[in-house]
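What follows draws every value from the coordinates through simple rules; no lab data is involved. Predicted model, so just to flag it, every value in this text is computed and none were measured. A quick note on method: Cβ atoms are made from the backbone with ideal geometry, for glycine too, and the neighbour counts reach across all protein chains shown.
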């Protein structure tokens with residue numbers, strides 16, 4: 001659990017601005033509730049909950065013109081292998097749409113093969129490099 005909250009803090013910190021909204025997605029019942037009001041130009045963190053415990057986090061950062069970047073998408077090991085990654089990703093996409101996004105882009109590192117597989121199976125296609133992340137080996141995007 002400590003790693004999850006550390007990941008959430010890293011996600012918030014690397015978004016380069018104060019966190020203006022936070023969302024809570026309950027994977028047990030597939031509900032999404034807003035913690036704070038937000039507008040279309042804000043960034044935020046989305047947390048996934050399962051049976052009362054936080055099991056996932058993701059950051060969203062605006063890149064302009066209706067594009068949000070997905071950062072630090074993470075699902076705790078105990079929540080993996082049950083289809084919850086796909087549910088959480090769909091919830092993050094719902095949050096992005098509510099923020100006015102028309103597209104999500106992301107990058108991923110070589111050691112994150114499971115994540116790349118999830119993105120591909122969820123309809124994300126490989127796109128040209130859009131950032132200078134030295135750890136990234138693949139870049140993905142999807143229209144919402």
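Taking 0.36 nm per residue of sequence separation and subtracting the Cα-Cα distance, how much length would be gained by fully extending the chain between residue 113 and residue 127, in nm to one decimal? Let's see the in-between values first.
Details: separation 14, 0.36 × 14 = 5.04 nm, distance 1.67 nm.
Stretched fully, the residue 113-residue 127 segment lengthens by 3.4 nm.
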Open item on the list: At a 10 Å Cβ-Cβ cut-off, how would you order 69, 94, 126, fewest neighbours first?
Closed with: 126, 94, 69
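Ranked by Cβ crowding within 10 angstrom, fewest neighbours first, how are 72, 135 ordered?
Numbers: 72 18, 135 10.
With the sparsest Cβ surroundings first, the list reads 135, 72.
Given the Cα-Cα distance of residue 103 and residue 120 and 0.36 nm per residue of separation, how much length would full extension add, in nm? Intermediate values should be presented prior to the final figure.
On the way: separation 17, 0.36 × 17 = 6.12 nm, distance 1.50 nm.
4.6 nm is the gain from fully extending residue 103 to residue 120.
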Open item on the list: If neighbour count is taken as other Cβ atoms inside 10 Å, put 137, 105 in order from fewest to most.
Closed with: 137, 105
TODO: Considering the convex hull of the alpha carbon atoms of the range 48-144, report its projected area averaged over all viewing directions, in nm², one decimal.
DONE: 6.2 nm²
